[in-house]
Amino acid sequence: MEDDYALLLKGNRQWVAETNAVDPDFFDRLEKGQKPKFLWIGCADSRVPTSQITGTMPGEIFVHRNIANMVVHTDINMLSVLQYAVDVLGVKHVIVCGHYGCGGVNAALSNKSYGLIDNWLRNIKDVHRLHHDELIQLKGRALSDRMVELNVIEQVHNLCKTNIVQDAWSKGQFLQVHGWVYSLKDGIIKDLELMVDDDDELAGIYRLDGLENE
């Protein structure tokens, strides 16, 4: 067990050797900077590796991960990633990707206390409250799966409420926000067919006026 971490270093050396063998200029290009088109907001679950499940290479997706792929408006970490991705890197797409069987979502569906994380899970419980009438009719796997989907949908809406996203739209910047769910069972990503590229779908109370004049 004590040497498990050493396997990671060994794997790194092997990956470098294999990468150089296939593409000797790979690291030279990578060192020069990044210009990803995508920001991925996903779950921290170790079974959901962003690059592998999307077939992308390092430098193609800017990534932020947390428990249950949440967009919490008091999370300065997430907001900083979002602003850097949108304002500096100029990403074209922000993707919220949840996954079925999410431990964070399942924990939020219970009344058990888990300690400090209870404060984070409360944000997921709010999603259940918003969709109580639909969710109260479901049980077991059906409840968990639908909760995962609704959580992604609410996080997409939360992104659109931020002044960062609205400011980009007010400036005419191309920016789309998407909601996806990944299946651990078969590896397929489900597009929830939720794509937002302006503030038309936002309730009026969330729309911020005058951003383009700041």
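The values are calculated or read from the model by the stated rules, or taken from the named source; none is laboratory data. Please read these numbers as outputs of a predicted model, since none were measured by experiment. Counting neighbours? That spans all protein chains shown, and the Cβs are built from the backbone with ideal geometry, glycine included. The accessibility values were calculated without ligands, DNA or RNA, using every heavy atom of the protein model including side chains. Shrake-Rupley method; radii C 1.70, N 1.55, O 1.52, S 1.80 Å.
Picking from residues in segment 201-214 that are touching a Cys at 6+ places or on another chain (Cβ under 8 Å) and open to solvent by 70 Å² or more (accessible area, probe 1.4 Å), the one that is farthest from ASP87 (Cα to Cα) is GLU201. The set of residues in segment 1-33 that are of a type in the set (S, T, N, Q) and surrounded by 12 or more Cβ atoms within 10 Å (Cβ to Cβ) comprises THR19, ASN20. For segment 132-200, the helices (runs of 4 or more DSSP H) that sit wholly inside it and include 3 or more residues that are free of Cβ contacts under 8 Å to residues at least 60 places away in the same chain and open to solvent by less than 50 Å² (accessible area, probe 1.4 Å) are 140-161, 163-170. In segment 43-71, how many are of a type in the set (A, V, I, L, M, F, W, C), in contact with a helix residue (DSSP H, G or I) (Cβ under 8 Å, 6 or more places away or on another chain), at pLDDT 95 or above and surrounded by fewer than 17 Cβ atoms within 10 Å (Cβ to Cβ)? So the count comes out to 1.
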